[in-house]
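J.: Encoded as structure tokens, here's the structure I'll be asking about.
The values are calculated or read from the model by the stated rules, or taken from the named source; none is laboratory data. Quantities reported herein were computed from a predicted structural model and do not represent experimental measurements. For neighbour counting, all protein chains shown are included, and Cβ atoms are generated from backbone atoms with ideal geometry for every residue, glycine included. The accessibility values were calculated without ligands, DNA or RNA, using every heavy atom of the protein model including side chains. Shrake-Rupley method; radii C 1.70, N 1.55, O 1.52, S 1.80 Å.
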Amino acid sequence: MDMSHLTGSITALVTPFSSDGSVDFAALERLVDFQLSHGTDGLLVLGTTGESSTMTDEEDVAVARCVVERVGGRVPVIGGAGSNSTAESMRKAEMLVKAGCDGLLLITPYYNKSNEEGIYQHLLYVLDRVGVPCVLYNIPGRTGCSISERNVERLAKHPNAWALKEASGSIEYASAVARYLSDDFRMFSGNDDIVVPLMSLGASGVISVWANVAPATVHDLCAAFLVGDVARARAVQLQNLELVHALFCEVNPIPVKAALAKMGMMEPVWRQPLWPLSDAGDARLTAALEGAGLVG
């Protein structure tokens, strides 16, 4: 599916598990249906929120195929092909394209991190060898390294570099790299609490954890901004800050999976080392969901 004009809310989809730890494909299909019926503009599978770091190749392919088939071409599906090994990232990219993903998410190398040129070459290696649009993922809080402004400038010119998912939380950094945005290279907020600020700098929307539980709300926020109703978008952002903050009160995706379980969408199951919410986190999340009208 053509992603070139994709804007708005792209949900960073969770991967539901059954009580025995296996992928719950029935719940996954329900989540996809929930997203599509509430206006989500695109889906990202096998990212941080999808717990891909604890999944096997076979599970990755099965999840990607399940989502692609359930979506049936109605919205683009992006697959997380990130790794701290360049060769592994390339292998995952080929695997996910074959499974039907319309685009790929490429993360900076975590743990080993590399230097500026190494990070550039890591991303460039995959960009040079795939035939689908790629989202470059800047999240230094997770990886311990960042895509430098210079690297964004260089990579933005690549025909397969379609967008930057900017999740550093730094408005200064977002302002700097916004100078390299164009019709061929977009930016999406990777932080749900600053969607409007980044869209004011030229971002085309958000790749969102929040949208797992409130897809219509996040879609409407982005849609309002994109048609020029900044006041409406700002109001939605500010009215939902408590819910957004509760969804990140502990390490993602612990709270959002707990929220979906409370909403009856899936079982509350994570793979270790992730662990269920603390009592304090659970109370905060429940109050926020009630305040947003998502649970009774």
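The rows are residues; the columns are (1) over 17 Å from the mean Cα position of the chain (by Cα); (2) basic (Lys, Arg).
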{"site": "155", "(1), (2)": "yes, no"}
{"site": "160", "(1), (2)": "yes, no"}
{"site": "166", "(1), (2)": "no, no"}
{"site": "170", "(1), (2)": "yes, no"}
{"site": "175", "(1), (2)": "yes, no"}
{"site": "181", "(1), (2)": "yes, no"}
{"site": "186", "(1), (2)": "no, yes"}
{"site": "199", "(1), (2)": "no, no"}
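J.: With 89, 52, 19 as the choices, which residue is farther than 27 Å from residue 125 by Cα, among the hydroxyl-bearing types (Ser, Thr, Tyr) and out of contact with any Lys or Arg (no Cβ under 8 Å at 6 or more places or on another chain)? Before the answer, list the steps.
T.: Numbers: 89 fails: farther than 27 Å from residue 125 by Cα; 52 fails: farther than 27 Å from residue 125 by Cα.
Going through 89, 52, 19 in turn, the sole match is 19.
J.: If you don't mind, another one. Can you confirm whether region 42-58 contains a residue that is in a helix (DSSP H, G or I) and within 29 Å of residue 226 (Cβ to Cβ)? Spell out how you get there, then give the answer.
T.: Here is the first cut: in region 42-58, the ones in a helix (DSSP H, G or I) are 52-54, 57-58.
With the extra rule that they be within 29 Å of residue 226 (Cβ to Cβ), the set shrinks to none.
No, the conditions are met nowhere in region 42-58.
J.: Can you tell me which residues in region 94-129 are open to solvent by less than 40 Å² (accessible area, probe 1.4 Å), without any contact (Cβ under 8 Å) to a residue 40 or more places away in the chain and closer than 19 Å to residue 76 by Cβ? So that I can check it myself, show each step before the final result.
T.: Quick first cut of region 94-129, residues open to solvent by less than 40 Å² (accessible area, probe 1.4 Å) only: 95-96, 99-109, 118-120, 122-124, 126-127.
From what is left, the residues that are without any contact (Cβ under 8 Å) to a residue 40 or more places away in the chain are 95, 99-100, 104, 106-109, 118-120, 122-124, 127.
Answer for region 94-129, where residues must be open to solvent by less than 40 Å² (accessible area, probe 1.4 Å), without any contact (Cβ under 8 Å) to a residue 40 or more places away in the chain and closer than 19 Å to residue 76 by Cβ: 95, 99, 100, 104, 106, 107, 127.
J.: Follow-up question, since we're still on this one. Before we move on, is residue 72 open to solvent by 50 Å² or more (accessible area, probe 1.4 Å), more than 16 Å from the chain's Cα centre (by Cα) and at positive phi? Walk me through how you get there before you give the answer.
T.: On the way: open to solvent by 50 Å² or more (accessible area, probe 1.4 Å): yes; more than 16 Å from the chain's Cα centre (by Cα): yes; at positive phi: yes.
Here the answer is yes, as residue 72 does meet what is asked.
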